[in-house]
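A.B. asks: Dropping a structure here in structure tokens format, bear with me for questions.
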Ligand code: UD1
Ligand code: F6R
């Protein structure tokens, strides 16, 4: 089943052009998005007071990636909840809320308990899952299957990118009647069919990421700084590195850097800064300058052609990725980090598909 690949995680990373194609299949039509599972509920969602995304781990990170464009395209306030934290707090939830549950397996105990809680509180409950017939799919009022194909590696990779694309399509469907974002909406719909080709392009960085992994084998720790559309990319990249390569790694909001993490920066700590071209670009350029001034060991991810403007002195390592519409950029930017985590794991001699202490689906609280 692994074909030409050594591990399922590797296969699933390289499969993403295909899994994204199946996620979008039959759902993009004549400048429009059609999600069969949501179409009868769009009116209720548009009238809701708030959209709350709920999930754990990678699925939470996918929702974090979705928040900026969901807010922008729907005009509805969007909040995020880690399922366990919502339950610990018994957080506020109302009939006027739309609660969106994101889960690859559809069987994660914390997420399902949060679903019970939302149902009791009368919210409209929407599922986003990869598993037809899962408890999540059965118990939600409506939802969308991400159709990424079976994911076997414990570290979630192709489900993450398909979840983001489903949430982009969902935002486009919810915001369909909003005049002010019409041109942005059309630009995204036109860009979506080409996204799998852009993912194929970024997968060509495989050898470069192996090289980078070799230079990081001995590192104690790896930081990843992102912001805006790519705050989630930083958290998700760091989660991949810690869970499979068993290396301490932290993803951080770059805007928080000077409020604490900067104290840790020296010439030994490798830091990946995500600085692809979007509205936050100039802020990331100044973060790079500040880290540079403290002799940080910098690895900068930037849009193709931007290498000299992110790293004028040529003193940092650069990962150049294809540029796409800003809300789709997280789908591209996570790929080199998935490859990096994979190669680091192999080089460090750990089990890629079955990381220590972890299970594919966490069915206990
Ligand atoms: C559906 C069919 C698909 C077919 C297509 C043709 C299924 C599973 N999908 O896809 O095979 O090609 O019509 O038009 O038979 N749902 C939930 N909670 C969830 C996920 C989904 O309630 O977490 C519900 C949806 O509201 C919907 C149904 O499950 O009623 C199927 O969802 P989805 O597969 O996303 O719908 P389509 O893309 O229309
Ligand atoms: C990370 C990972 C976990 C899951 C989390 C939620 O690679 O796989 O963090 O994302 O356990 O699982 P699902 O999405 O099945 O609810």
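What follows is calculated from the coordinates using simple rules that are stated; it is not laboratory data. Remember, predicted model here, so these are calculated numbers, not experimental data. So basically every Cβ, Gly included, is an ideal-geometry build from the backbone, and we count neighbours across all protein chains shown.
A.B. asks: For segment 28-68, just say rounded, prolate or oblate: build the C-alpha gyration tensor, square-root its eigenvalues into a ≥ b ≥ c, call rounded for a/c under 1.5, and beyond that prolate if a/b exceeds b/c, oblate if not.
C.D. replies: oblate
A.B. asks: Let me ask another. What percent do you get for the relative contact order of segment 29-176 when only Cα pairs under 8 Å and 6+ apart count?
C.D. replies: Relative contact order of segment 29-176: 29 percent.
A.B. asks: Follow-up question, since we're still on this one. Relative contact order, percent, of segment 245-325 when contacts are C-alpha pairs under 8 Å separated by at least 6 residues?
C.D. replies: 28 percent
A.B. asks: Could you work out the helix-only [θ] at 222 nm for the chain, with each DSSP H run of four or more residues adding -39,500 (n - 2.57) and the total divided by the number of residues, to the nearest 500 deg cm²/dmol?
C.D. replies: -13500 deg cm²/dmol
A.B. asks: Averaging over every viewing direction, what projected area does the convex hull of the Cα atoms of segment 140-267 cover, in nm²?
C.D. replies: Reported value for the Cα convex hull: 11.5 nm².
A.B. asks: Order these peptides, 24-35, 7-18, 53-64, by their mean beta-carbon neighbour count within 10 angstrom, highest first.
C.D. replies: Sorting 24-35, 7-18, 53-64 by mean packing, highest first, produces 53-64, 7-18, 24-35.
A.B. asks: Kirkwood hydrodynamic radius (Cα pairs, Å) of the chain?
C.D. replies: 20.7 Å
A.B. asks: Express the relative contact order of the chain as a whole percentage, based on alpha carbon pairs under 8 Å and six or more residues apart in sequence.
C.D. replies: 20 percent
A.B. asks: In terms of the Cα gyration tensor, with a ≥ b ≥ c the square roots of its eigenvalues, is segment 48-202 rounded because a/c is under 1.5, prolate because a/b exceeds b/c, or oblate?
C.D. replies: Cα axes put segment 48-202 in the oblate bin.
A.B. asks: Can you tell me the orientation of helix 329-348 relative to the chain, as the angle in degrees between its alpha-carbon axis and the longest Cα principal axis, to the nearest 10?
C.D. replies: Its long axis makes an angle of about 60 degrees.
A.B. asks: Looking at segment 209-365 from every direction and averaging, what is the projected area of its Cα convex hull in nm²?
C.D. replies: 9.7 nm²
A.B. asks: Using the Cα atoms of segment 1-128, I'd like the radius of gyration and the largest Cα-Cα distance, Dmax, both in angstrom.
C.D. replies: My reading of the Cα-based Rg and Dmax gives 16.5, 50 Å.
A.B. asks: Also, I was wondering about something else. What is the spin-label model distance, in nm, from residue 307 to residue 109 if the labels are put 7 Å beyond Cα along the C-beta direction?
C.D. replies: So the label points at residue 307 and residue 109 sit 5.0 nm apart.
A.B. asks: Output needed for segment 115-197: three equivalent-ellipsoid semi-axes, defined as square roots of 5 times the C-alpha gyration tensor eigenvalues, in descending order, whole Å.
C.D. replies: They are 25, 21, 8 Å, listed from largest to smallest.
A.B. asks: Also, quick follow-up: At 0.36 nm per residue, minus the direct Cα-Cα distance, what do residue 256 and residue 215 gain on full extension? Give it in nm, one decimal, please.
C.D. replies: Full extension of this stretch gives 12.1 nm more.
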